Structure formats: structure tokens, C-alpha cells
Amino acid sequence: MRIVLQRVREARVTVEGEELARIGRGLLLLVAIGPQDTEEDLQFWARKVPDLRVFPDQGGKFDRSLRDVHGEVLCVSQFTLYGDCLHGRRPDFTQAAPPEKAAELYELFVRLLRAEGLPVQSGRFGARMEVALVNDGPVTLILERPRAQ
């Protein structure tokens, strides 16, 4: 599982001109599911993300979490995070999970985030989406757990 986390002042996702979701202050999560990902991976990040201290305190230090600032989450599926560009000129996406598995796990991840008591909006899995955001900071982090070899 790979997540690109962006701290935002606002973000929205649109499909075919229709706005599906919009958030104010919070986190935009671009989420890719890999073939080896399990429910345990989803639970790990669903528990961790709400408490990551990525928002500034009064002194500007990263000391406040999403929960602390009463922020929102916009979760968007993005298999292209598994694009391998080392060979050739066209990205290879074979490291991403098959769409059926990815859809199931992505939807579960959204439910797990909501179970943490967070206001969570979501894009539409598999749709061609337009994502607009105002990155706050800018702050962007890549979240991924190494697999044991």
C-alpha cells in the first residue's frame, strides 16, 4: 500500500463535471493498493493517519494531528502510484493490485478511516477523476511500510 498524504486547506474531486466530494482543512490521501496488501496493512494506516502530527502548533512546529485540528479527509484511489518508470518510456503498472482486489481493499480502507471517527469523503474507484487542492505548507508525505523479505 502506498499513500501520498498532502496537508490541504481544501480539496475536491470531480467526475465528468460533477463534484463528488469536497473538504476543508485536512488531509488528501492518494491511495494505491498493491497485490500483497492485506487488511492488516489497511488497519495500520487507518489507525496511524489520524494521529500523525503534521499540522503546526502556535510556534509552527509539527505537533498537531488531524484529530487535534478537527480536520477532514479526502481519500482518492490512485493505482498510478505503483507506476514503474525505470524501463522504457511508458509506465508499467503491474505492481498494482488487480482492480477487483484493489477496489475491495480501497473501500475497506475508507470504512476503516470512518470507523476512527473521521469525516471522510471519497472519490470514485476506477473513475477518471479531477482532483483540485490547495496544499498547505506545502506538506506532502509518502507513506509505505517495507515488506519483510
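The values are calculated or read from the model by the stated rules, or taken from the named source; none is laboratory data. Just so it is clear, the model here is predicted, and its values are computed rather than measured. Cβ coordinates were reconstructed from backbone atoms using ideal geometry, including for glycine residues, and neighbour counts include every protein chain displayed.
Which condition from (1) more than 26 Å from Val8 (Cβ to Cβ); (2) touching a helix residue (DSSP H, G or I) at 6+ places or on another chain (Cβ under 6 Å); (3) of a type in the set (S, T, N, Q) is the one that Ser122 breaks?
Among (1) more than 26 Å from Val8 (Cβ to Cβ); (2) touching a helix residue (DSSP H, G or I) at 6+ places or on another chain (Cβ under 6 Å); (3) of a type in the set (S, T, N, Q), Ser122 violates only (1).
When the stretch 52-67 is examined, which residues are found to be surrounded by fewer than 21 Cβ atoms within 10 Å (Cβ to Cβ) and either in contact with a Pro (Cβ under 6 Å, 6 or more places away or on another chain) or among the small types (Gly, Ala, Ser) (or both)?
Passing the criteria: Gly59, Gly60, Ser65, Arg67.
Just wondering, is there one or more residues in the stretch 5-17 that are surrounded by fewer than 19 Cβ atoms within 10 Å (Cβ to Cβ), without any contact (Cβ under 8 Å) to a residue 24 or more places away in the chain and more than 18 Å from Met129 (Cβ to Cβ)?
No: zero hits.
Which of the strands (runs of 3 or more DSSP E) contained wholly in the stretch 68-149 include at least 1 residues that are exposed (fewer than 14 other Cβ atoms within 10 Å of the Cβ), touching a Lys or Arg at 6+ places or on another chain (Cβ under 9 Å) and touching a residue at least 40 places away in the same chain (Cβ under 8 Å)?
Once the strands (runs of 3 or more DSSP E) in the stretch 68-149 are filtered for at least 1 residues that are exposed (fewer than 14 other Cβ atoms within 10 Å of the Cβ), touching a Lys or Arg at 6+ places or on another chain (Cβ under 9 Å) and touching a residue at least 40 places away in the same chain (Cβ under 8 Å), what remains is 130-143.
Looking only at the stretch 91-119, how many residues end up being under 15 Å from Glu72 (Cα atoms) and in contact with a Gly (Cβ under 9 Å, 6 or more places away or on another chain)?
Residues that pass the stated criteria total 2.
Confirm whether Val31 is touching a Phe, Trp or Tyr at 6+ places or on another chain (Cβ under 7 Å), surrounded by fewer than 21 Cβ atoms within 10 Å (Cβ to Cβ), of a type in the set (A, V, I, L, M, F, W, C) and touching a residue at least 12 places away in the same chain (Cβ under 8 Å).
No: the conditions fail for Val31.
With Gly34, Gly60 as the choices, which residue is farther than 22 Å from Thr14 by Cα and at pLDDT below 95?
Gly60
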